[in-house]
Amino acid sequence: MYDLIIKQGKCADGSVIDVAVNDGKIAALGELSEMISAEKTIDLQGRYFLSAGWIDAHTHCYPSSPIYSDEPDLIGVASGVTTVIDAGSTGADDIDEFYRLTRSARTNVFAFLNISRIGLLRQNELGDMNDIDDVLAHKAISEHQGFVVGIKARMSSSVVQQNGIQPLIRAKEIQAYNGSLPLMVHIGNNPPNLDEIADLLTHGDIITHCYNGKPNRILTPKGELRSAVKRALDRGVLLDVGHGSASFSFDVAEIAIKQGIYPNTISSDIYCKNRIKGPVYSLAYVMSKFLSVGLSLSQVIDCVTKNAAHALRLSNKGRLEVGCDADFTIFDVVDQAQVFADSEQQNRSGQNLILPLAAIVAGQIMLTQDGETRNVC
């Protein structure tokens, strides 16, 4: 007998699958025999979608942050997201507290360690080079292996102030010392110039806010991909959306996507303010925007499952495969006219809205508000 069986879940490509779970892991896949039983069975009847659990690769969910804070479960399982990655809210000074707070969350929580020891204590956390303490960073990473999945450097003028590209050079040194953990780099207003940033990045590094509308963006004024960014992508550098309050432009995304410049990962850069007042609201809402700018449902789901797991090196997540963690998202795609807003006060009309109904973490089921209304499980 299995712990859980999910029957007739519709995949993003339209196929239908059964999944069996034991001890928090996927135990069997395919068309399961009617003779097989489980303590709990969910029959989606081919009506609702089932995917590996959604991963939001860029959030801010350290509840004690004085700038960008939220509760992991509000942006996580309550929104159909099984795994959230906090993108640099904490540095070496407060990573211990953040780890302790996340142990009671139902959502899987991981962290990018801010290379500034103070984390997001203030907006210009890289304005003083003395706050980049290599020894403390190495200690924090060593003591939180499995929780710290990468390091974060916010490389925009308001953050680095007079320090230019130097914080990124230090970030690469910290990265190299720690076995080349993924490095997520925030891009925004210059200096430093994006060309300088891109030329320092190597395979597996992540450019977040990749479709921002600021002058220091991935596209030239003529709408072509910057040469330095192209070289970086050719080296295996990854693009992450990181929508946020000020870092996503429909114009940039549409021009880029038409040229085949796709995001590797779709993330929200969510925290309490842009969750409640927009323009983010939820990861599902951000995902829905990409249906309106040319991505297929399968592409969108890949960006929050297998692509995200690969970028973050979460080897047991993001895939519907035997032996992987039994993290799933049940969702629907409703035909409902929407007017979506970006971070530049520009709107786009869309006709499809991705609606999360349940998050399942290690086989444990948590319905969203819409899932409760529909009595999905």
Radius of gyration and Dmax over the Cα atoms of the chain, both given in Å
20.2, 68
Could you tell me the distance between the Cα centroids of segment 70-144 and segment 196-211, to the nearest Å?
20 Å
Quick test of the membrane-span-like rule: which DSSP H helices of the chain reach at least 27 Å along their long axis (C-alpha atoms) with mean Kyte hydropathy at least 0.5?
none
Rounded to 5, percent antiparallel among DSSP beta bridges of segment 147-268:
10 percent
Computed E for ASN316/ASP234 - FRET, C-beta separation, R0 45 angstrom, nearest 0.05:
0.95
Set LYS10/LYS277; LYS7/LYS277; LYS40/LYS317; LYS258/LYS289 screened for pairs whose C-alpha atoms are more than 27 Å apart
LYS10/LYS277; LYS7/LYS277
Using the alpha-carbon centroid of each, what span in Å lies between segment 273-343 and segment 1-29?
19 Å
Rounded FRET efficiency, nearest 0.05, which uses the C-beta distance separating GLU254 from VAL334 and R0 of 30 Å
0.85
Value of relative contact order over the chain, rounded to a whole percent, pairs C-alpha under 8 Å and six or more apart
19 percent
Compute the FRET efficiency between GLU143 and ALA341 as 1/(1 + (r/R0)^6), taking r as their Cβ-Cβ distance and R0 = 51 Å, and round to the nearest 0.05.
0.80
Looking at segment 75-125, what % of the alpha carbon pairs are farther apart than 17 Å?
37 percent
How much of the DSSP beta bridge set in the chain is antiparallel, as a percent to the nearest 5?
50 percent
Roughly speaking, to the nearest percent, how much of the chain's 1.4 Å accessible area is carbon and sulfur?
46 percent
If you roll a 1.4 Å probe over the heavy atoms of the protein chains, what accessible area per residue do you get for segment 91-190, in Å²?
40 Å²
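The values are calculated or read from the model by the stated rules, or taken from the named source; none is laboratory data. Keep in mind the model is a prediction, meaning the values are calculated, not measured. Positions of Cβ are generated from backbone atoms using ideal geometry, with glycine treated the same way; all protein chains shown enter the neighbour counts. The area values use the complete protein model at the heavy-atom level, side chains included, leaving out ligands, DNA and RNA. Shrake-Rupley method; radii C 1.70, N 1.55, O 1.52, S 1.80 Å.
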